[in-house]
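In what follows, a single structure is set out as structure tokens and then discussed.
No value in this document is a laboratory result; all are computed from the given coordinates. What you are looking at is a predicted structure, and each value in this text was computed from that prediction instead of being measured. Because the Cβ atoms are built from the backbone with ideal geometry, glycine has one as well, and the counts that use them run over all protein chains shown.
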Amino acid sequence: MNTTNNALTEAVFYILLALVEPMHGYGIMQQTAALSKDRVRLSAGTLYGALASLLDKGWIEQLPEEGRKKDYRITQAGREVLEQELLRLAELLENGRNVLNNKKE
């Protein structure tokens with residue numbers, strides 16, 4: 001599986017981050033809002049569309065159903081994608097700081 005060059009949307013980033021612990025859809029929506037300090041608020045349609053895409057990519061998996069709740073969790077492939085995204089974001093931050101700090105001199 002190719003996990004490089006996968007710039008994630010902010011919503012997908014937070015969904016993957018939330019799914020480090022298994023949870024259901026409403027929990028993902030709450031966790032995403034909490035992690036982003038309410039900046040990223042997912043509608044049900046956005047969330048379930050993203051979950052379907054992440055399942056297709058193999059980045060998350062659905063756990064065996066208990067009742068009506070569907071719980072999901074990140075897979076090893078999803079964790080690798082998330083780690084690559086953190087490296088990409090760190091590089092962006094470093095480059096931005098370097099350029100801006102050099103402009104001050």
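Annotations
- As a proxy for reagent exposure, ranking T32, T46, T9 by other Cβ atoms within 10 Å from fewest up yields T9, T46, T32.
- Here the residues V81, V99, ranked from fewest to most Cβ neighbours within 10 Å of their Cβ, fall in the order V99, V81.
- Ranked for footprinting exposure by Cβ neighbours inside 10 Å, fewest first, R39, R79 give R39, R79.
- From the coordinates of this entry, volume of the Cα convex hull per residue in Å³ is computed, and it appears in (i) 118; (ii) 95; (iii) 107 under the label (iii).
- Gap separating the Cα centres of the stretch 53-78 and the stretch 83-97, nearest whole Å: 27
- Relative to the longest principal axis of the Cα atoms of the chain, the long axis of helix 44-57 makes an angle of roughly 80 degrees.
- Cα-based helix-to-principal-axis angle, 76-104 vs the chain, degrees rounded to 10: 20
- Signed unit charges on C-beta, dipole axis of the chain, positive-most listed residue I15, G49, N98: N98
- Amide hydrogen neighbours beyond the local backbone of M23, cut-off 5 Å, H modeled: Y72
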